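All of the numbers you see were taken from the coordinates with simple rules; none came from a lab. Worth saying up front: this structure is predicted, and the values here are computed from it rather than measured. FYI the Cβ positions are ideal-geometry reconstructions off the backbone, even for glycines, and counts take in every protein chain you see.
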2 protein chains.
Amino acid sequence: MKHTIHTLNKAFDHRVRLGVMAVLLGQSDPVSFNELKETLDLTDGNLASHVAALEKAGYVQVSKQFVGKKPNTTYTPSSEGKQAFQEHLNALEKLLRG
Amino acid sequence: MKHTIHTLNKAFDHRVRLGVMAVLLGQSDPVSFNELKETLDLTDGNLASHVAALEKAGYVQVSKQFVGKKPNTTYTPSSEGKQAFQEHLNALEKLLRG
DNA sequence: TTATCAGCTTTGCAAAACAAAGTGCTTTTA
DNA sequence: TAAAAGCACTTTGTTTTGCAAAGCTGATAA
């Protein structure tokens, strides 16, 4: 019965990134920077750095447009992101059930 | 629908500490340093520092005895540890289900 | 007596986390 | 029209965390 914590994905091994993924996957529509920021109660810089990490890993896609005259950045999970996250959750469950 | 990642317990917000708790809670008997080390595949120092953190938080109890003539350190989750861990898992589930 | 085991502690470095302030651009608002 | 405010960052600087590797202690086995 190997408790291999090493199959947990480091990209998701932090509450902020976990929260970001949970929010994105819980919504069928893209989620904006400000929605994320308020939902997760984070500072701008903190959120920006964590989503940047997820983007760099290829787990979220970023799209920038204008809503009316206001800039609006939204995030969606990529298909690799969805899969990697699911695998992470599976590994978590496995770990927690021995 | 508040995705409050802030209810996650920082003491368990790391794969090693998560693994330690999972192992300890999965076993009805105390678990030795070496069992933990092998099960989780960690170096001495790394394991030592993480269990020290859990001990400092009051989440695991440490007992030192001799088995035959060899020293043997074992770990058990405290009742606060069990409760806190359960709450952490509840918070996790809640987060993951919106 | 040299080596080995258990269980740490120390050292030293690198990466990560975070808050706070700054930035550039646009748009309200007074 | 000048000041304020919103969006989405980036930069700066500090603190915290993680980790491997080496060292250490006290005991035993070879």
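How crowded by other chains is A:15-25, given as the mean number of beta carbons from other chains within 10 Å of each beta carbon?
Numbers: counts 10, 2, 1, 7, 7, 2, 2, 8, 5, 0, 2.
Shielding by partners across A:15-25 averages 4.
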B:N90 versus B:K10: modelled label distance in nm, points set 7 Å from Cα along the beta carbon direction = 2.2 nm
To the nearest 10 degrees, how steep is helix A:79-96 against the longest Cα principal axis of chain A, on a 0 to 90 scale?
-> 40 degrees
Looking at this model, which pairs from A:K10/A:K56; B:K10/B:K64; A:K82/B:K37; B:K56/B:K94; A:K56/B:K94 are more than 21 angstrom apart at the alpha-carbon?
-> B:K10/B:K64; A:K82/B:K37; B:K56/B:K94; A:K56/B:K94
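In what order do B:T76, A:T4 fall by count of nearby beta-carbon atoms within 10 Å, going from fewest to most? Don't skip to the end; give the middle numbers.
Values: B:T76 17, A:T4 14.
Fewest-to-most ranking of B:T76, A:T4: A:T4, B:T76.
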When all alpha-carbon pairs of chain A are counted, what percent fall beyond 20 Å?
-> 39 percent
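What average count of beta carbons from other chains do you get within 10 Å of the Cβ of residues in A:34-42?
Numbers: counts 0, 0, 1, 0, 2, 5, 6, 5, 2.
Per residue, the number of nearby Cβ atoms from other chains is 2 on average.
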Pairing the Cα long axis of helix B:15-26 with the longest principal axis of chain B, what angle in degrees results, from 0 to 90 and rounded to the nearest 10?
-> 70 degrees
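How high is the FRET efficiency between A:D44 and B:N46 when r is their beta carbon distance and R₀ equals 22 Å, given to the nearest 0.05? Don't skip to the end; give the middle numbers.
Working: r = 34 Å, r/R0 = 1.53.
Once rounded, the FRET efficiency stands at 0.05.
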Using the alpha-carbon atoms, what tilt in degrees (0 to 90, nearest 10) does helix A:44-56 show relative to the longest principal axis of chain A?
-> 60 degrees
Would you please put B:81-90, A:60-69 in order of how densely packed they are, using the mean number of other Cβ atoms within 10 angstrom per residue and starting with the highest?
-> B:81-90, A:60-69
Net dipole in debye of the protein assembly as shown [+1 Lys, Arg Cβ; -1 Asp, Glu Cβ; about Cα centre; nearest 20] | 120 debye
Dipole size in debye (nearest 20) for region A:1-90 around its Cα centre, Lys and Arg Cβ +1, Asp and Glu Cβ -1?
-> 140 debye
